[in-house]
Amino acid sequence: MKVIIRGKNIQLTEGIETKINKKLSTLDKYFIMSDNVEAKVLIRVYPVGQKIEVTIPTEYVLLRAEVIDADLYNAIDIVIDKLEGQIRKYKTRLSRKSKDNKLALNVASIEPLENVEEDVIVKTKTISPKPMDLEEAIMQMELVGHSFFVYKDTETNLISVVYKRHDGDYGLIETD
């Protein structure tokens, strides 16, 4: 697995890069990974701490975790723990659904989680997206108190989704 590390507002030292590479290499035992898999690591510095985001798009699953901590080295440890938790959870769900899954997981090396809750759909809602612009969609989302809102964009005439990000900003998902 290739590791691509980028930093924003931080000078990446050899120690930081070595720690990240060493920690991410522990995930290799869970996957049969080809050399074209790229783990993307982004480190940002904020006034309240450092944030590390790790994204690993494998052939079968997208692993992604982010952590904000005052100590960057502690954040690296926590983000790897989160990724391992995702792998265990994913493996547990797969083993429940299929006894003969042919994924590139080395399932023998992963212990399943105990007491993993099944995903249950508790409500189904049908909507008719109304035509509006982005500003109106954000306002509607805030009024209903949801973290996302589906609407029909008046400029493109396509279905779009606006959502509130963890940092308080907004994101937009557009269809084609």
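Structure data summary
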item	result
Qualifying residue in the stretch 21-35 (condition: open to solvent by 70 Å² or more (accessible area, probe 1.4 Å) and within 16 Å of Lys82 (Cβ to Cβ))	no
Residue satisfying all of: in the stretch 41-65; in contact with a strand residue (DSSP E or B) (Cβ under 8 Å, 6 or more places away or on another chain) and open to solvent by 50 Å² or more (accessible area, probe 1.4 Å); modelled with the lowest pLDDT among these	Tyr60
Answer from Leu103, Leu94 - the residue that is surrounded by 14 or more Cβ atoms within 10 Å (Cβ to Cβ), out of contact with any Pro (no Cβ under 8 Å at 6 or more places or on another chain), modelled with pLDDT under 90 and not in a helix (DSSP H, G or I)	Leu103
Scan of the stretch 43-66 for residues that are closer than 14 Å to Tyr90 by Cβ and charged (D, E, K, R), ordered by number	Glu59, Arg64
Lone unmet requirement of (1) modelled with pLDDT of 90 or more; (2) loosely packed, with under 14 Cβ neighbours inside 10 Å; (3) not in a strand (DSSP E or B) for Ile173	(3)
Strands (runs of 3 or more DSSP E) contained entirely in the stretch 1-78, each with at least 3 residues that are on the phi > 0 side of the Ramachandran plot and among the β-branched types (Val, Ile, Thr)	none
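The values are calculated or read from the model by the stated rules, or taken from the named source; none is laboratory data. Model, not experiment: these values are computed from the prediction. With ideal geometry, Cβ positions are generated from the backbone for all residues, glycine too; neighbour counts draw on all protein chains shown. What goes into the accessible areas is simple: the full protein's heavy atoms, side chains included, and nothing from ligands, DNA or RNA. Shrake-Rupley method; radii C 1.70, N 1.55, O 1.52, S 1.80 Å.
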